[in-house]
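Enquirer: Take this structure, written in structure tokens, and hold onto it; I'll ask about it next.
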Amino acid sequence: MSKKAGILTFHYADNYGAVLQAWALRKAMNHLPGCTAEIINYVPEHYRYLISPDARLAEREKQRIEKFHKFLSEHCNVKSPMLRSVTGNEYDLYIVGSDQIWNTDNREVSADYEYFFPNLDEKAKKAAYSASIGMDHERIDKRLFRQYLSRFEMISLREKSYTEFISELTGKECKATLDPTMLLSEADYDSLIEKPDTTEEPYLLYFWYDMGDGGLESIETVNMLTRKYGLTVKHTFSPEQFLINQMFAKDGGYMFDAGIGEFLWYIKNARAVVTNSFHGMALSILFRKPLYIYYPKRRKCRQENLVRLLHLQDRVLEGYVCPDDLNMDMDYMSVFSKLEKEREKSISYLEYIVNNI
């Protein structure tokens with residue numbers, strides 16, 4: 001008899017990584033014997049961006065939002081009416097994860113605390129897979145976390161740096177597991193990839209959130225790499241932002257309006273990637289891209305934990321660097337030796353959740 005699981009996650013974010021981790025967790029769970037998983041179409045009442053986009057948005061931004069909606073419908077089977085609360089006991093198992101769903105600093109997402117399952121029937125079975133907190137320990141509301149997480153059957157987190165803290169707080173064993181996007185292989189993503197209308201020039205992909213967060217230093221690195229290896233730059237900024245096209249040694253154009261499949265194509269076909277994004281880093285690793293990582297100034301523990309796990313410290317940059325120190329050499333044999341062990345442990349843990357709750 002198949003066990004029916006409901007996944008609660010932040011799938012409606014205007015963010016490539018958030019949408020892909022939702023898709024990946026559903027796909028990974030449906031790979032498990034005896035499990036049928038679906039995404040619960042809960043959208044926080046305070047989160048309006050993808051639901052009711054501002055009429056002033058640029059046409060490119062509206063096009064990207066439409067592509068996100070289409071992906072959620074076609075590839076995640078998110079077609080049911082939106083919920084403003086998760087109640088009752090419809091599923092054999094409720095599982096919450098991953099992308100910063102327990103970051104209560106983000107009030108737009110967590111104002112009603114639905115990602116803690118506060119309104120489920122008392123008999124409902126609850127677990128967390130690779131839930132992410134994404135804020136400093138001292139800012140965590142211990143009373144809130146203790147009250148709700150102590151009701152969970154099993155808990156795993158994406159960041160190892162929080163596991164001991166949550167274990168002590170709840171009295172439950174808490175493990176660190178991989179982000180859902182890394183449970184899958186490169187081949188699993190192939191069916192999603194869509195080739196955009198683009199030139200065939202070799203390019204470096206610059207995937208960056210928040211230009212004020214060390215962006216100018218990273219652009220200097222990007223320009224060094226592109227000059228050294230004869231590349232153009234594909235970037236994730238809108239062309240209206242920061243006169244961005246004037247900052248690159250050789251601008252290859254924006255991919256601001258790319259859908260999920262096009263975004264994956266840009267990663268898969270890049271000669272190199274420079275990013276401060278967790279999922280930009282994770283997907284570049286899956287596609288074995290030469291990679292340079294900058295930590296964001298806030299919430300950097302996500303990147304730090306994965307870097308330490310896969311021994312990628314030599315690919316992390318800070319400040320300005322010398323061109324002679326930049327290279328395209330990455331030992332992915334070593335990286336994947338570690339990743340495959342962690343993937344096996346994480347899938348086993350996910351299977352254990354399904355079989356034992």
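Enquirer: In this structure, does A124 turn out to be surrounded by 24 or more Cβ atoms within 10 Å (Cβ to Cβ), modelled with pLDDT of 90 or more and either in a loop (DSSP other than H, G, I, E, B) or touching a helix residue (DSSP H, G or I) at 6+ places or on another chain (Cβ under 8 Å) (or both)?
Expert: no
Conditions (1) outside any helix (DSSP H, G or I); (2) open to solvent by 20 Å² or more (accessible area, probe 1.4 Å); (3) modelled with pLDDT of 90 or more; (4) under 19 Å from H279 (Cβ atoms), marked per residue:
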| residue | (1), (2), (3), (4) |
| --- | --- |
| F152 | yes, no, yes, no |
| T199 | yes, yes, no, no |
| I219 | no, no, no, no |
| N245 | no, yes, no, no |
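Enquirer: Residues in the stretch 335-346 that are open to solvent by less than 60 Å² (accessible area, probe 1.4 Å) and either over 13 Å from M29 (Cβ atoms) or of a type in the set (V, I, T) (or both): how many?
Expert: 7
Enquirer: Moving on to the next point. Could you check T163 against (1) under 22 Å from M29 (Cβ atoms); (2) of a type in the set (V, I, T); (3) touching a helix residue (DSSP H, G or I) at 6+ places or on another chain (Cβ under 9 Å) and say which number it fails?
Expert: Among (1) under 22 Å from M29 (Cβ atoms); (2) of a type in the set (V, I, T); (3) touching a helix residue (DSSP H, G or I) at 6+ places or on another chain (Cβ under 9 Å), the lone unmet condition for T163 is (3).
Enquirer: Between a first residue in the stretch 335-357 that is within 20 Å of F287 (Cβ to Cβ) and a second residue that is among the β-branched types (V, I, T), which pairs have beta carbons less than 6 Å apart while being 6 or more apart in sequence or on different chains?
Expert: Pairs that qualify, where the first residue is within 20 Å of F287 (Cβ to Cβ) and the partner is among the β-branched types (V, I, T), are S346/T177.
Enquirer: Quick check, is I140 touching a helix residue (DSSP H, G or I) at 6+ places or on another chain (Cβ under 7 Å) and in contact (Cβ under 8 Å) with a residue 24 or more places away in the chain?
Expert: Answer is no for this residue.
Enquirer: Just give me the residues in the stretch 309-320 being buried (at least 16 other Cβ atoms within 10 Å of the Cβ) and not aliphatic (A, V, I, L, M), in sequence order.
Expert: If the condition is that a residue be buried (at least 16 other Cβ atoms within 10 Å of the Cβ) and not aliphatic (A, V, I, L, M), then R315 is the only one that fits.
Enquirer: Still on this structure, please answer the following. Quick one: which of Y115, Y47, Y91 is open to solvent by 10 Å² or more (accessible area, probe 1.4 Å), modelled with pLDDT of 90 or more and closer than 30 Å to I140 by Cβ?
Expert: Y91
Enquirer: Report yes if some residue within the stretch 58-78 is of a type in the set (V, I, T), in a helix (DSSP H, G or I) and at pLDDT below 90; otherwise report no.
Expert: Yes, there is a match, as at least one residue in the stretch 58-78 is of a type in the set (V, I, T), in a helix (DSSP H, G or I) and at pLDDT below 90.
Enquirer: Please go through the stretch 159-218 and give me each residue that is among the aromatic types (F, W, Y) and more than 20 Å from L286 (Cβ to Cβ), ordered by number.
Expert: Those that are among the aromatic types (F, W, Y) and more than 20 Å from L286 (Cβ to Cβ): Y162, F165.
Enquirer: Same structure, new question: Can you tell me which residue within the stretch 1-27, out of those that are open to solvent by 10 Å² or more (accessible area, probe 1.4 Å) and at pLDDT 95 or above, is farthest from the chain's Cα centre (by Cα)?
Expert: Checking each candidate, the answer is K4.
Enquirer: Is it the case that P323 is open to solvent by 10 Å² or more (accessible area, probe 1.4 Å), at negative phi and at pLDDT below 90?
Expert: Yes, satisfied.
Enquirer: Here are some conditions: (1) surrounded by fewer than 21 Cβ atoms within 10 Å (Cβ to Cβ); (2) assigned to a helix (DSSP H, G or I). T181 meets all but one. Which one does it not meet?
Expert: (1)
Enquirer: Here's a follow-up. Is it true that some residue in the stretch 301-308 is within 30 Å of S2 (Cα to Cα) and either open to solvent by 50 Å² or more (accessible area, probe 1.4 Å) or β-branched (V, I, T) (or both)?
Expert: Within the stretch 301-308, none of the residues are within 30 Å of S2 (Cα to Cα) and either open to solvent by 50 Å² or more (accessible area, probe 1.4 Å) or β-branched (V, I, T) (or both).
The values are calculated or read from the model by the stated rules, or taken from the named source; none is laboratory data. It should be emphasised that the depicted structure is a prediction, and the values quoted were computed from it without experimental measurement. A quick note on method: Cβ atoms are made from the backbone with ideal geometry, for glycine too, and the neighbour counts reach across all protein chains shown. For the accessible areas, the whole protein counts, side chains as well, though only heavy atoms, and no ligand, DNA or RNA atoms are used. Shrake-Rupley method; radii C 1.70, N 1.55, O 1.52, S 1.80 Å.
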